Amino acid sequence: MTYEIQAWIEQLRSGDARVLARAISTVENRASGWSELLKALFPHSGKARVIGLTGPPGAGKSTLVDHLARLYRKEKRTVGIIAVDPTSPYTGGAILGDRIRMQEHFSDPGIYIRSMATRGSLGGLARTTADVATVLDASGRDIVLIETVGVGQDEVDIVRLADITVVILVPGMGDDVQTIKAGIMEIADIFVINKSDREGAERVEREIRALQSLALRQDGWTPPIVKTVASEGAGVSELAAAIAEYEAYLQTENLALKKSVQNWQERLVEMLRDAMLENAREQLGDGNLARLAVEIAEHKRDPYTLVEEIAGRTKAGGST
């Protein structure tokens, strides 16, 4: 470990917000030293409770995250917030930026907010979100809240990262639960019906319960349904209580470790896929890729044989 990285870690763990911001930028942008930094930070991680909040656009996720953060701060717990936003098609940056409604938290050193762009990733999570969560965890945050972009059935990546996944629904979504049951429904540890003062909230609850009766979870947990009106702060303490209840449930029969092992199996495959893809791209080079694409487009060669050749050379460590 270099002296610079060791100094970074000491400053980051002492609560230096500027060093934390610099470390997150290094990891997110894959800048020089990002891998060594994560290797050095990983032994300090694993203590924070990572809570994912997901659901369709307009469900009030940001408002709920805001109120949850306030509640945890009243309990003297430090909070890191990762807000994963849609990527701007023009700049590649997060469209929403650091949420306007969370601006008042910036004077509180106990809360650190980071907005991230998905950069085209499916599943509602930026590729580096897990790494940023590791940095926040290693910095000593007690709670890490991850709010993901609402992209419907593809938004299931959060389950591989969060200890606890909260799915937020609202009345008046057309076919309500039916529209997303094939994807998001299976990943919820806790359901929230936000804007529950609206007409149709009872119907959403009935539909959730009907779907729950069709399939039992392997861990035997029945996700509770919490009703909130986030704009007024109503139901937030009940949500925090439900999170604490599931947290306690995970401690029984070593379920937390089993869940972590399962999540890491999925994440390791994903990390290997990313590393191998990056290796193949480096060996190809932009010029070669363009030339090969032209040959395929003109039907001078087939893509299937080409991919086999590239995969074979990448495995052997050769060049194309």
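Where a number appears in this text, it was derived from the coordinates with a stated rule and is not lab data. In this text, all values refer to a predicted model and were calculated from it rather than measured experimentally. Every residue, glycine among them, receives a Cβ derived from its backbone with ideal geometry; neighbour counts consider all protein chains shown.
Taking the alpha-carbon distance from Lys47 and a cut-off under 23 Å, which lysines remain once sequence neighbours fewer than 8 residues away in the same chain are dropped? Hits, sequence-local ones excluded: Lys39, Lys74, Lys76, Lys258, Lys259. Among 240-248, 269-277, the peptide with the highest mean count of other Cβ atoms within 10 Å heads the list, and the full ranking is 240-248, 269-277. Close amide H contacts of Lys227 (hydrogens built in the peptide plane, cut-off under 5 Å, sequence separation of 5 or more or a different chain): Ile193.
Working ranking of peptides 190-203, 300-313, 30-43 by packing, defined as the average number of other Cβ atoms within 10 Å per residue, highest first, is 190-203, 30-43, 300-313. For the range 265-316, the C-alpha radius of gyration sits at 1.30 times the compact-globule guess of 2.2 N^0.38 Å, with N the residue count. How large is log10 of I(q)/I(0) for the range 210-320 at q = 0.11, 0.16, 0.22 Å⁻¹ when the intensity is taken from the Debye formula with one equal scatterer per alpha-carbon? Debye output, listed in q order: -0.68, -0.83, -1.27.
Sorted from greatest to least, the principal axis extents spanned by the alpha carbons of the range 1-44 come out as 23, 20, 17 Å.
Under 5 Å from the amide H of Tyr112 lie the amide H atoms of Val79, Gly80, Ile81, each residue being 5 or more positions distant or on a separate chain, with H modelled from the backbone and absent for Pro and chain starts.
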